[in-house]
Amino acid sequence: MQIGLSYDLKQALKPVAGGPDDALEEYDSPETVEAITTALKAAGHTVYRLGGGKEFLRRVQEQKLDLVFNISEGLGNYRSREAQIPSILEMLDIPYTGSDPQTLAICLDKPLTKKLVASAGIKTARWQLVNNCEELSAIDWSGFPLPAFLKPACEGSSKGVRFASRAESIDEIMSMAADLLTTYEQPVLIEEFINGEEITVGVIGNTSPEVLGIMRVVPKTKTDYFVYSIEVKRNWRQMVEYEVPAALPGETLARIEKATLDAYKVLECRDLCRMDFRISPDGVPYFLEVNPLPGLNPVSGDLPIMASKLGISHAELVLKILNTAMVRHNLLAENCLL
């Protein structure tokens, strides 16, 4: 097959002067692009590197493509940016891997995602959206549960999620929210902090999606509370262990799997996703967020790490994603899936 690969390289983009240090956190490395290219070529496919942005617009029309393997995060500070490349591909009638523009746009909007997930009966922590400093001052915070956790409302890759993002008082909520509003120039999501296990779940599939694995993120150093923050993800070898399958009671694992698949279906994810939960001390999974465009870095990506601990190589994971999309597009018989 003639396969295009869409992506946005971190090194090709320039951060905005004075912006946050994690502004380019979600974008990909050359190692990720090379690993995916190698996996696709080894399976007998011809690969065309399309890149992203205006470069993508030009290159995607230069080749006759059977399918595009999409890992592009999109550009700009738009909550729908992950939908940019899939929208163009749909306009050009080119099949692609992953979720459609609607799902991608919804899932980057954390409050909207939480509303949809809650409508399916999945537990989420109590939360409040703040759009600007005027709203922040007008809200009566007296009944809001503490501690609270604050993050930008429309970001991925743990952008704006720090170990210090937990607020212990209303004064801290006010101060931290004001800082986030200014720094990230978007609404802020303020949630009840669920003190418990940090879990991430991988899913592959469409009509009958399956949980790839349930992974527990275990801090190497015990503290009063743990956050799978950007500091941890940047230094994961030193700071955490990844446990797959998660050493949790069978009943808790069953709850996590059900919540994951229910959320996957209500959000209409396709082909793959990674979903994050906090597990309360009584074993209840609380939905945090979903990433329908999970990172595929062969070394540091959560989904590839999970797969490797289950005996699935990075190349095999890439082909699982590709073949799942090919079946959905009627380019491959279902009985040919890995």
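Residues in the stretch 47-101 that are aromatic (Phe, Trp, Tyr) and either within 24 Å of Lys320 (Cα to Cα) or buried (at least 16 other Cβ atoms within 10 Å of the Cβ) (or both): Tyr48, Phe56, Phe69, Tyr96.
The rows are residues; the columns are (1) closer than 27 Å to Glu55 by Cβ; (2) over 24 Å from the mean Cα position of the chain (by Cα).
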{"residue": "Ala83", "(1), (2)": "yes, no"}
{"residue": "Ala148", "(1), (2)": "no, no"}
{"residue": "Ser169", "(1), (2)": "no, yes"}
{"residue": "Glu172", "(1), (2)": "no, yes"}
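Keeping to the stretch 167-185, report how many residues are surrounded by 18 or more Cβ atoms within 10 Å (Cβ to Cβ) and part of a helix (DSSP H, G or I). Even if it seems obvious, please write down each step before you answer.
Keep residues of the stretch 167-185 that are surrounded by 18 or more Cβ atoms within 10 Å (Cβ to Cβ), which gives 167, 173, 176-177, 180-181, 184.
Still in the list and also part of a helix (DSSP H, G or I): 173, 176-177, 180-181, 184.
Looking only at that region, the number is 6.
Checking every residue in the stretch 186-198 against the condition of being closer than 30 Å to Ala83 by Cα, outside the structural domain of Ala263 (by TED's automatic domain parsing) and assigned to a helix (DSSP H, G or I) gives zero matches.
Of all residue pairs spaced 6 or more apart or on separate chains, those with beta-carbon atoms under 7 Å, a first member in the stretch 1-30 that is free of Cβ contacts under 8 Å to residues at least 40 places away in the same chain and under 13 Å from Ser72 (Cα atoms) and a second member that is hydroxyl-bearing (Ser, Thr, Tyr) and surrounded by fewer than 21 Cβ atoms within 10 Å (Cβ to Cβ) are Lys10/Ser29. Please go through the stretch 115-131 and give me each residue that is part of a strand (DSSP E or B) and of a type in the set (A, V, I, L, M, F, W, C), ordered by number. Result: Trp127, Leu129, Val130. Screening the candidates Leu296, Leu332, Leu310 for the property of being surrounded by 20 or more Cβ atoms within 10 Å (Cβ to Cβ) and either in contact (Cβ under 8 Å) with a residue 12 or more places away in the chain or hydrophobic (A, V, I, L, M, F, W, C) (or both) yields one hit, Leu296. Looking across the stretch 140-166, the residues that are of a type in the set (A, V, I, L, M) and outside any loop (DSSP other than H, G, I, E, B) come down to Ala148, Leu150, Ala164. Residue by residue through the stretch 199-211, note down the ones that are touching a residue at least 40 places away in the same chain (Cβ under 8 Å) and part of a strand (DSSP E or B). Hits for the stretch 199-211 are Ile199, Thr200, Val201, Gly202, Val203, Ile204, Gly205, Val211.
The values are calculated or read from the model by the stated rules, or taken from the named source; none is laboratory data. Owing to the predicted nature of the structure, the values given are computational and were not obtained by experimental measurement. Note that each Cβ is placed from the backbone with ideal geometry, even for glycine, and that neighbours are counted across all protein chains shown.
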